[in-house]
Protein chains: 2
Amino acid sequence: MKKQLIMDKALELFAKQGFEATSVQQITEHCGISKGAFYLSFKSKDELIIALIDHFMMQFTTEIDYIVRNTEIEKLLYDFYYATFHSFHQHSDFAKILMKEQSQTFNEEFIVKMHYFDRLIENIILSMIERLYGEEVKQTKYDLMYCIKGFMNTYSQLFLFYNVPLDLNLLSESLVEKTNLLARHTHVPFISEDLIQVIKQPMCEEGSKEQILEILEQKIEEIEEPIEKESLILLKQQLREPTLSPAIVKGLLENIRNHPLCKWISYLLQNYFEV
Amino acid sequence: MKKQLIMDKALELFAKQGFEATSVQQITEHCGISKGAFYLSFKSKDELIIALIDHFMMQFTTEIDYIVRNTEIEKLLYDFYYATFHSFHQHSDFAKILMKEQSQTFNEEFIVKMHYFDRLIENIILSMIERLYGEEVKQTKYDLMYCIKGFMNTYSQLFLFYNVPLDLNLLSESLVEKTNLLARHTHVPFISEDLIQVIKQPMCEEGSKEQILEILEQKIEEIEEPIEKESLILLKQQLREPTLSPAIVKGLLENIRNHPLCKWISYLLQNYFEV
DNA sequence: TTGACAAATGACTCGTTGGTCATTATTATA
DNA sequence: TATAATAATGACCAACGAGTCATTTGTCAA
């Protein structure tokens, strides 16, 4: 598929030069295709960057969420950091774009997307904190969440922009220690429940039933494998009119969770059904 | 002075839209001047952004450095955070630019400047850590430094991009607690002495004698006040040929330290003479 | 071999940008 | 007031970028 080629090559250039500084001309040259061919795959340059963000952020969010939901508590924090940095490292070109283009103003949709994913990640971190420390951190959980985000940011810059050899194990151990320290001994919160209300505000976007339905129908078309396809169809019915028991829904979700094209929809459905 | 007007107005626009997305046209319109007038004050758009960075970063670096050198240990950490966030808050337009344009690739000189100041700030933080905890954190000081940088970044985003009411006192208290916790109980460092060597590398730039001399001569021209002027002239001689005692040098530096035009040169000289 | 259809091309348009410079307005000086 | 010097103007230029579309190339069934 041309689309994939363009995304791959554009990713390299964006990471190196930034989005604005990379022209469509350059991208097409780097792909060895014509300018027209580019516009057969993407309606605009903006659509390309949105596609890139969607692609990687969906993947990342889903990965992290799965870990937070399914890892035993003893390994949870370590695995979380490990997976995070492993992912950043593996998709370092994309991570660089994220860092560079952080909250740039050039495109409305871009910002909305970024905020949306940012919010998702914050929620995942919060639910991890909940699992790890529970009531213990009631007063300080938002601060803790911000610190964890800060660690993710600060430490990833180290290996993204200086190419130092990366000892993922040591890094994760080190951050686990720091996080536990902060969780267990912090008593002066800065971010109160009030403050977080001011920050949060909207957060609708993808969550709505209609949008999930839309994506669901699209996936049903795409998928060939009978089990996955039927699971999707059943889930669609359940979405329209809840009749199945939670156990069955959970099973159906399990059926699709490892299909490469279903990761995202499975994440959305899981959230929707509050499993 | 036109230059100041342009810098003020451009700052607003850059903070709102980013550097690349703001045209010289827009800036001149916002100032109520013609395009030609802009180019009487700045040779190029790039020169403008460099001037802005220099202006604010010199100010910030000098402020923080003064605090770290001169505050009693009991208040040091608190004052450091307070001053940092106070400065970010006061110059929030500039802080926004820093966040947005973080390591953008558009201009070589820009990046060099940013790295230079980043390095300066890292050194200031390190010397603060040294004063606060000394030997205690020998193994973990670089990690601690990165965590402090992380706090500065993460928490400033809160009030820069959501305009929440800001309780500077609480914020500083809260970060003091976190920092002390990490300093006193961390045992698993990630950033070793080796790693920091890989990252550091060059770090020359402004420090050289010739460059200091150049700025010094320029300042001697500018300054009217007799005491400050003579102090500068004596310091210039001392720079060429060291003859004065450390006490005298320190006194001369003290003479100029509060002159609004001498903050930066005084910082550079202080570093050079290792006072 | 032909012809219908889709895929791919790249010269082109049109808007915008950073930057220049001949000209005009303003001020200072004699 | 006349003249020189300086400040300010904005029409203009070359360069470049996103996006378009008439045309060419490739494919495959008949």
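The values are calculated or read from the model by the stated rules, or taken from the named source; none is laboratory data. Because the structure is predicted, anything quoted here is derived from the model rather than measured. Here Cβ is always computed from backbone atoms with ideal geometry, including for glycine, and neighbour counts include all displayed protein chains.
Below is a table of values for the structure above.
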| quantity | calculated |
| --- | --- |
| Residue list for region B:22-33, restricted to those being among the hydrophobic types (A, V, I, L, M, F, W, C) and away from DNA strand C (no atom under 11 Å from the Cβ) | B:Cys31, B:Ile33 |
| Residue check, A:Leu5 at pLDDT 95 or above and either within 14 Å of chain B (Cβ to nearest Cβ) or within 15 Å of DNA strand C (Cβ to nearest atom) (or both) | no |
| For B:Asn180: the one exception among (1) under 27 Å from B:Asp93 (Cα atoms); (2) touching a Leu at 6+ places or on another chain (Cβ under 8 Å) | (1) |
| Residue identified as surrounded by fewer than 21 Cβ atoms within 10 Å (Cβ to Cβ), modelled with pLDDT under 90, assigned to a helix (DSSP H, G or I) and within 12 Å of chain A (Cβ to nearest Cβ) among B:Leu158, B:Leu166 | B:Leu158 |
| A:Glu210 at pLDDT below 85 and surrounded by fewer than 13 Cβ atoms within 10 Å (Cβ to Cβ) | yes |
| Test: residue in region A:216-228 that is crowded, with 19+ Cβ neighbours inside 10 Å, assigned by TED's automatic domain parsing to the domain that holds A:Thr61 and more than 22 Å from the chain's Cα centre (by Cα) | no |
| Qualifying residue in region B:95-114 (condition: modelled with pLDDT of 90 or more and either crowded, with 18+ Cβ neighbours inside 10 Å or farther than 30 Å from B:Lys45 by Cα (or both)) | yes |
| Checking B:Thr22 against (1) of a type outside the set (D, E, K, R); (2) part of a helix (DSSP H, G or I); (3) touching a helix residue (DSSP H, G or I) at 6+ places or on another chain (Cβ under 7 Å), the condition it does not meet | (2) |
| Out of A:Leu144, A:Leu175, A:Leu182, sole residue that is touching a residue at least 24 places away in the same chain (Cβ under 8 Å), in contact with a helix residue (DSSP H, G or I) (Cβ under 6 Å, 6 or more places away or on another chain) and more than 9 Å from every other protein chain (Cβ to nearest Cβ) | A:Leu144 |
| Candidates B:Phe19, B:Phe56 - the one that is of a type in the set (A, V, I, L, M, F, W, C) and away from DNA strand C (no atom under 12 Å from the Cβ) | B:Phe56 |
| Residue check for B:Tyr66: assigned to a helix (DSSP H, G or I), modelled with pLDDT of 95 or more and not β-branched (Val, Ile, Thr) | no |
| Candidate set from region B:15-44 (those that are within 14 Å of chain A (Cβ to nearest Cβ) and within 25 Å of the chain's Cα centre (by Cα)); member that is nearest to DNA strand D (Cβ to nearest atom) | B:Glu20 |
| Residues satisfying the stated conditions in region B:235-254, i.e. out of contact with any Leu (no Cβ under 9 Å at 6 or more places or on another chain) and part of a helix (DSSP H, G or I) | B:Pro246, B:Ala247, B:Lys250, B:Gly251, B:Glu254 |
| Whichever residue in region A:220-237 is touching a residue at least 12 places away in the same chain (Cβ under 8 Å) and not aliphatic (A, V, I, L, M) and, among such residues, is farthest from A:Ser208 (Cα to Cα) | A:Glu225 |
| Subset of region B:34-43 [near DNA strand C (Cβ under 9 Å from one of its atoms) and small (Gly, Ala, Ser)] | B:Ser34, B:Gly36, B:Ala37 |
